[in-house]
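Visitor: Let me begin by handing over the structure; questions about it come next.
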Amino acid sequence: IISIKNIYKFFGELTALNDVSLDVQPGEKVVVIGPSGSGKSTMLRSINKLETIDKGSIRVDGMDINSPENDINAIRQELGMVFQSFNLFPHKTVMGNLTMAPVRLKKVPLEEAEARALMLLKKVGISDKANVFPSNLSGGQQQRVAIARALAMNPKIMLFDEPTSALDPEMIGEVLDVMVALAKEGMTMVVVTHEMGFAREVADRVVFMDHGQILEEGTPDRLFDSPEHPRLQKFLKQIL
Ligand code: ATP
Ligand code: MG
């Protein structure tokens, strides 16, 4: 459902992505790990064209995201994205955050969007917070709203970029629980995270990036228990 072929991304002299290829099957859960600056976010952001690649190709659900024939906004509707910083609209209530895109971009009737929003808030465990503003929520609650907001557009694929790394430790679990539940429902997910417990429980495949390249990939057990590449061995020693 995602096909990344030989992509490169340059920032001036710096090669942020250096010949990266990755295919993700429908329903597959891929966890991406790697040191800071290795290109994880750049790769994830390239999938929904928040970054424009310099070489190579990316297809989402069969559509080449760089082909002028394809409408990038239509492709983006298939992709939900959740960032480290929750990026909620501060001047809108939780409900407003969840209904805005479906109403504006998909022309969903407000009542229908609100009903779906309530269902999603229930799913992420905060149905009592529909009418509060983001600033009155804990970090874990805000991130769960951000996940619900992405789901409100009914995406086929969810992209997560270190969704728990800005959270206090006691709030990490509640966000991971929501992500595990989503995974069990069959959502296709690409998740940048260093939460090894999550990776072991959920990932079909773990991908290790360093210096803009994928150096190793495999099942979580294989990668974590018998890493082959010396850089992966070193990385795992540092984070475990
Ligand atoms: P982290 O774990 O710290 O989030 P990352 O693996 O997500 O790291 P990226 O954010 O993808 O790494 O960055 C890859 C490289 O590209 C880094 O060297 C970074 O400094 C550089 N980079 C990223 N975005 C830009 C930009 N907009 N302009 C210039 N350089 C950038
Ligand atoms: Mg990053």
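The values are calculated or read from the model by the stated rules, or taken from the named source; none is laboratory data. Here the structure is a predicted model, which is why all the values come from computation and not from measurement. Here Cβ is always computed from backbone atoms with ideal geometry, including for glycine, and neighbour counts include all displayed protein chains. Calculation scope for accessible area: heavy atoms of the full protein, side chains included, ligands and nucleic acids excluded. Shrake-Rupley method; radii C 1.70, N 1.55, O 1.52, S 1.80 Å.
Visitor: Counting pairs of alpha carbon atoms under 8 Å apart in space and at least six apart in sequence, what relative contact order in percent does the stretch 45-117 give?
Guide: Here the relative contact order equals 17 percent.
Visitor: Right, another one. Residues of the stretch 79-102 with amide nitrogen under 12 Å from the 7 Å Cα-to-Cβ point of residue 50?
Guide: Within reach of a label on residue 50: 80-88.
Visitor: Across bins of 5 angstrom width beginning at 0, how are the C-alpha pair distances of the stretch 21-104 distributed, in whole percent?
Guide: Spelled out per bin, shortest first, that is 3, 11, 19, 22, 18, 15, 10, 3, 0.
Visitor: Got a sec? Which residues in the stretch 85-111 would a label at residue 135 touch, if it sits 7 Å along Cα→Cβ and we count backbone N under 19 Å?
Guide: 85-98, by backbone N distance to the label point.
Visitor: Using just the helices of the chain, give the 222 nm mean residue ellipticity in deg cm²/dmol: DSSP H runs with n ≥ 4 each add -39,500 (n - 2.57), and the total is spread over all residues, rounded to 500.
Guide: -11500 deg cm²/dmol
Visitor: If the elastic network links every pair of Cα atoms under 10 Å, which of 54, 161, 64 fluctuates the most in the Gaussian network model of the chain?
Guide: The residue that fluctuates most here is 54.
Visitor: Most fluctuating residue of 14, 215, 120 in a GNM of the chain with Cα springs under 10 Å: which is it?
Guide: 14
Visitor: Quick one: accessible area per residue over the stretch 177-240, 1.4 Å probe, rounded to a whole number of Å²?
Guide: That works out to 48 Å² per residue.
Visitor: Suppose we keep just the DSSP beta bridges with both residues in the chain; what percent of those would be antiparallel, to 5?
Guide: Of all bridge pairs located within the chain, approximately 55 percent are antiparallel.
Visitor: Quote the charge dipole size of the chain about the Cα centre in Debye, to the nearest 20; the model charges only the Cβ of Lys and Arg (+1) and of Asp and Glu (-1).
Guide: Charge dipole of the chain: 480 debye, to the nearest 20.
Visitor: Just to check, using Stokes-Einstein with a Kirkwood Rh over alpha carbon pairs, what's the diffusion coefficient of the stretch 6-69 at 10 °C and 1.306 mPa s in µm²/s?
Guide: For the chosen part, D equals 126 µm²/s.
Visitor: Pick out which of 28, 170, 195 has the largest mean-square fluctuation in a Gaussian network model of the chain, springs linking Cα atoms closer than 10 Å.
Guide: Of 28, 170, 195, the Gaussian network model singles out 170 as fluctuating most.
Visitor: Suppose the chain between residue 6 and residue 128 were pulled fully straight at 0.36 nm per residue; how much longer would it get relative to their current alpha carbon spacing?
Guide: 39.3 nm
Visitor: Further question on the same structure: Could you work out what % of the accessible surface of the stretch 32-176 is carbon and sulfur, using a 1.4 angstrom probe and leaving DNA, RNA and ligands out of the count?
Guide: Of all accessible area on the stretch 32-176, carbon and sulfur atoms account for 49 percent.
Visitor: As a test question: what accessible area, to the nearest 10 Å², does residue 184 have when a 1.4 Å probe is rolled over all protein chains in place?
Guide: Its heavy atoms expose roughly 150 Å² to the probe.
Visitor: Would you kindly state how much longer the chain becomes between residue 73 and residue 156 on full extension, computed as 0.36 nm times their sequence separation minus their alpha carbon distance, in nm to one decimal?
Guide: Length gained between residue 73 and residue 156: 28.5 nm.
Visitor: When only C-alpha pairs under 8 Å and at least 6 residues apart count, what is the relative contact order of the chain, in percent?
Guide: So the answer I get is 27 percent.
Visitor: If you don't mind, another one. Please report Rg over Rh for the chain, where both radii come from the alpha carbon positions and Rh follows the Kirkwood definition.
Guide: On the Cα set of the chain, Rg over Rh gives 0.97.
Visitor: Which whole-number value in Å² is the accessible area per residue of the stretch 1-54, probe 1.4 Å?
Guide: Computed with neighbouring chains in place, this is 41 Å² per residue.
Visitor: Going 7 Å from the Cα of residue 85 in the Cα-to-Cβ direction, what parts of the stretch 140-154 have a backbone nitrogen less than 20 Å from that spot?
Guide: Within reach of a label on residue 85, which here means backbone N under 20 Å from a point 7 Å along Cα→Cβ, the stretch 140-154 contributes 140-150.
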